[in-house]
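Read through the structure below, which is laid out as structure tokens, and then see the notes.
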Amino acid sequence: MKNKIINRRNFIKGGLGGAVVASQLKGKESQAAGAFDHYPDSMGVLVDVTRCVGCRSCEAACNQEQGLPEPEKPFNDYSVFDEVHPHGGHGREERRTTEYNYTIVNKYNVPGVDHPLFRKIQCNHCLEPACLTSCFVNAYSKTPEGAVVYDPTVCVGCRTCMIACPFYVPTFKYGSAFKPRIMKCVFCHETRLKEGRPPACVEICPQEALTFGKRTDLLEMAKSRIRSNPDKYVDHIYGEKEAGGTAWLYLSPVEFDKVGFDVHVPHEPVINFVRDFLSIVPMVLLIWPALFTGFHLLSNRKDAKSQHDEDNQEV
Amino acid sequence: MSQGKNVQRTLCIIAVGSALFWSGLGYAMDASDAPEVITMDSLENHYDPVEFNHLEHTEMAACTDCHHHTLGIPPTNESCVKCHENSPEADVLSCGDCHLTDRFGIEALATLDDPQLYHRGTPGLKGAYHLNCVGCHQEVGGPIGCEDCHTMKDAGKKMFKAGKYAPVSKGEKGGH
């Protein structure tokens, strides 16, 4: 009998201990799932704004490589820099990526700088992309090489990715609403990156304003450029931390907001702001209906009972 | 007598001075040894080759502006001097001997895996040409437009949608 009690006690103790361990393990696991460790050898591009001369070769090469539609003006027509676009991203009246071009270069006349500065825009290929995490059909994926690619065959055209992207990059092909198609830079993944070759824009750039390499090497290179030329660069690498880190990194000779960058992009991945909310969604969807149906039935039962009692009294 | 001594001293100084001068030049390459014109054709896919007048440029720029430390002349850049003050004339002198054509190729990128490698950001050939040439041209007022130096081939026009490939439809394209 005594033995039995001890056994039972031990059993309960063991069970409790196991439960505690299990809950701790579970905690660790969920944490690990939350903090994605990134692909260590993924590639990136370092864009040096001090080097770009605004030749638009990258735009031309991208158009050809990706088989994009004919542009409105030739790529060696530099009047595009003076165009005003009321619907530019971030409230700026400047050119932005559209369904016709995955990359564009904009010109900035910055006071105190004796020559214009140019800045290239394309998908930054985030380490934890907001487009990917916001897509409920998993049309996006981040490849180990570093590209954020898109699968049109599963896309339903909800355009949540366009709202989620902190850089206003994905665009929608409005001409094909019944066959939804998001248009955005894919890092030339299919044609070049997966074979280890640089994207078309990098290869064509005459000034080597675009440097292709492992993201870790590029960060080192960027730091070294800042260190050796402290007067030439602002001491910041845009994309090192922005939006949780991006594959495309930037160096600038002036404060980044003066050359069209959004300096208010948070340093955390966008998913971190909605992770807590998303974790309660299953609870709301599964538990609430059962719970409130139960409440409803209970209160109805009470009503029905009192109605029944009233009926009995009347009789 | 004292006048003769002075003349002797002056001659002596000239002799020693000129000896030092010529020996100084002895280890360095003379500009006249260099080719007069260099044909640059690394962009031949899209542009005609550029005939670079080397001789003309030796009169406008210092040799070390382009041949940083490979001519046996000490470089002017402070950081370079630290290692290359006494660097002898190199066996190879053309830009393409150090600046790779395939800068972002798999082999070139693999060299960065060597932690001992010091020059980690050496630009490729095209980058080296443009960064140095355009940089200097901007300073001295030389030509800086793409087509000031490069004549576009048909393939180039096709890529830039220029010339006979220029867009015909001028329709308004909105949306994003």
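Report the charge-dipole magnitude of segment A:232-315 in Debye, nearest 20, computed about the Cα centre from +1 at each Lys and Arg Cβ and -1 at each Asp and Glu Cβ.
Dipole about the Cα centre, nearest 20: 280 debye.
Do the alpha carbons of any pairs in B:K126/B:K158; A:K120/B:K82; A:K194/B:K82 sit beyond 31 Å of each other, and which pairs?
Correct reply: A:K120/B:K82; A:K194/B:K82.
For chain A, set up a Gaussian network in which alpha carbons nearer than 10 Å are linked by springs, and say which option among A:N109, A:N101, A:N63 fluctuates the most.
Its mean-square fluctuation being the largest, the pick is A:N109.
Within 10 Å, at most 11 other Cβ atoms, and a DSSP state outside H, G, I, E, B define an exposed site. Report the longest part of chain A free of exposed chymotrypsin sites (Phe, Trp or Tyr not before Pro).
Maximal segment without exposed cleavage sites: A:179-315.
In segment A:86-150, which GluC sites (Glu not before Pro) fall in coil by DSSP and have 13 or fewer other Cβ atoms within 10 Å?
Values: sites: A:E93, A:E94, A:E99, A:E145; in loops: A:E93, A:E94, A:E99, A:E145.
For GluC sites (Glu not before Pro) across segment A:86-150 that sit outside H, G, I, E and B with at most 13 neighbouring Cβ atoms in 10 Å, the list reads A:E93.
Of A:D276, A:D82, A:D303, which is the most mobile in a GNM of chain A whose springs link Cα atoms less than 10 angstrom apart?
Sorting by GNM fluctuation, first place goes to A:D303.
Return the single residue from A:H296, A:H236, A:H38 with maximal mean-square fluctuation; model: Gaussian network over chain A, springs between Cα atoms under 10 Å.
Sorting by GNM fluctuation, first place goes to A:H296.
Among A:V80, A:C188, A:C55, whose Cα lies farthest out toward the positive end of the dipole of chain A, if unit charges sit on the beta carbon of Lys, Arg (+1) and Asp, Glu (-1)?
A:C188
Quick one: dipole size for segment A:43-259, taken about the Cα centre, charges +1 on Lys/Arg Cβ and -1 on Asp/Glu Cβ, in debye to the nearest 20.
360 debye
When the convex hull of the C-alpha atoms of chain A is computed, what volume per residue in Å³ does it have?
Numbers: hull volume 82.2 nm³, N = 315.
About 261 Å³ per residue, rounded to a whole number.
Using amide H atoms built in the peptide plane, which far-off residues or other-chain residues are under 5 Å from A:V45 H to H?
Under 5 Å from the amide H of A:V45 lie the amide H atoms of A:W248, A:L249, each far enough along the sequence or on another chain.
Just the isolated ones, please: cysteines in chain A lacking another cysteine beta carbon under 4.7 angstrom.
Cys with no partner Cβ under 4.7 Å: A:C52, A:C55, A:C62, A:C126, A:C135, A:C155, A:C158, A:C165, A:C188, A:C205.
Where a number appears in this text, it was derived from the coordinates with a stated rule and is not lab data. No experiment lies behind these values; they were computed from the predicted model shown. Neighbour counts run over all protein chains shown; Cβ positions are idealised from the backbone, glycine included.
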